[in-house]
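Undergrad: Handing you this structure, nothing more for now.
The values are calculated or read from the model by the stated rules, or taken from the named source; none is laboratory data. In this text, all values refer to a predicted model and were calculated from it rather than measured experimentally. Note that each Cβ is placed from the backbone with ideal geometry, even for glycine, and that neighbours are counted across all protein chains shown. When the accessible area is computed, the model is the full protein with side chains, heavy atoms only, and any ligands, DNA or RNA have been set aside. Shrake-Rupley method; radii C 1.70, N 1.55, O 1.52, S 1.80 Å.
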Amino acid sequence: LARLPRRLLVFRTVKTPAGFPHAQAFMGVTQFFEFMPEEGGTRVRLTGVNYPAGAEGDTLLGFFKAGNRTTLDQLAQRLALTPLDFLAGQCWRGTLPGGDMDTHCFKAAAGQVRDHHDVVRAAKTVYSGDTVYAWETGALRFTYTDMSGGVMKGSVREASDGLDFGTSDYVGTDGKRVTIATRWIRVGADAYEAHDTSASDKHFTRTTRYTRVD
């Protein structure tokens, strides 16, 4: 019925699946898809008007209250991983401050992006870990587990120049906690810089440039 690019889509359903209950009444319902830019993403709102009064309209409204929520949740899950599109399916390598080579390989599957990384010194892997990114409870969240069993959890949002991980705590198997703030800044199509800052452990204050290697 109407659209404002990137802001609004207005439509009605003119064909329903065979046997859909109250189909004729639903064809009179007007739907509004609104897209509202916010920091770190876009708020999406779906509104339906002109549901008929009475039992027929109540049945339709009850169905679509749940159905539209499922639609929006699936949309969020699908789009939540798009900030990682430039990484998925690629491997990236950088040199850490001490000279070790750190390689990250990202793979997308089953609504998640997985990042496995290996730190190599003198042709031998000395450290490794895995990060899983997925949409959970309204945010793109990550869980990192290293080879010793240490864990870091947090969330990441798209920024104008890359990805902002905010501040998260790494907790080792000994219970030691290290607070790290991380931001990845894209450098052209084939590189990004990982900026890490930690007031609790200066070893984790560093900038590493990663370049695509595959």
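Undergrad: In terms of Cα to Cα distance under 28 Å, which lysines are near enough to K176, apart from those fewer than 8 places away along the same chain?
TA: K124, K153, K202
Undergrad: Computing the accessible area with a 1.4 Å probe over protein heavy atoms, can you report the carbon and sulfur percentage for region 90-148?
TA: Values: 1730 of 3190 Å².
The value for region 90-148 is 54 percent carbon and sulfur by accessible area.
Undergrad: Can you give me the distance in nm between label points at Y127 and A66, each placed 7 Å from the Cα along the Cα-to-Cβ direction?
TA: So the two model labels end up 4.9 nm from each other.
Undergrad: In vacuo Debye scattering of region 94-214, one point per C-alpha: log10 I(q)/I(0) at q = 0.10, 0.13, 0.14 Å⁻¹?
TA: For the requested q values the scattering log ratios are -0.30, -0.53, -0.62.
Undergrad: Sum -39500 (n - 2.57) across every DSSP H segment of at least 4 residues in the chain, then divide by the residue count to get the 222 nm mean residue ellipticity, nearest 500. Walk me through the numbers before you get to the answer.
TA: Values: 2 runs with 30 residues, N = 214.
Value at 222 nm, helices only: -4500 deg cm²/dmol.
Undergrad: So what does the Cα-only Debye profile of the chain read at q = 0.13, 0.14, 0.16 Å⁻¹, as log10 I(q)/I(0), no solvent term?
TA: After summing over all Cα pairs, the log10 values are -0.82, -0.90, -1.07.
Undergrad: Placing +1 at every Lys and Arg Cβ and -1 at every Asp and Glu Cβ, with all other atoms neutral, what dipole size does the chain have around its Cα centre, in debye to the nearest 20? Don't skip to the end; give the middle numbers.
TA: Working: 26 positive and 24 negative charges, 89 e Å.
With only Lys, Arg, Asp and Glu charged at Cβ, the dipole is about 420 debye.
Undergrad: If you bin every alpha carbon distance in region 156-214 into 10 Å steps from zero, what whole percent lands in each bin?
TA: Percent of Cα pairs in each bin: 23, 44, 27, 6.
Undergrad: Using a simple spin-label model with points 7 Å from Cα along the Cα→Cβ vector, what separation in nm is obtained for Q77 and T95?
TA: 4.4 nm
Undergrad: Okay, moving on. Can you tell me the 0 to 90 degree angle between the C-alpha axis of helix 55-80 and the longest principal axis of the chain, rounded to 10?
TA: Between helix and principal axis, roughly 20 degrees.
Undergrad: Sticking with this structure for a sec: Using the heavy atoms of the protein chains alone and a 1.4 angstrom probe, what is the accessible area of the chain per residue in square angstrom?
TA: On the way: 12860 Å² over 214 residues.
Per residue, the chain has 60 Å² of solvent-accessible surface.
Undergrad: Right, something else. In whole Hz and in residue order, list the ³J(HN,Hα) couplings for region 98-112 that follow from phi through the Karplus curve 6.51 cos²θ - 1.76 cosθ + 1.60, θ = phi - 60°; x for Gly and Pro.
TA: Taking θ as phi minus 60°, the curve returns x, x, 5, 9, 10, 10, 10, 10, 10, 9, 9, 6, 6, x, 9 Hz for region 98-112.
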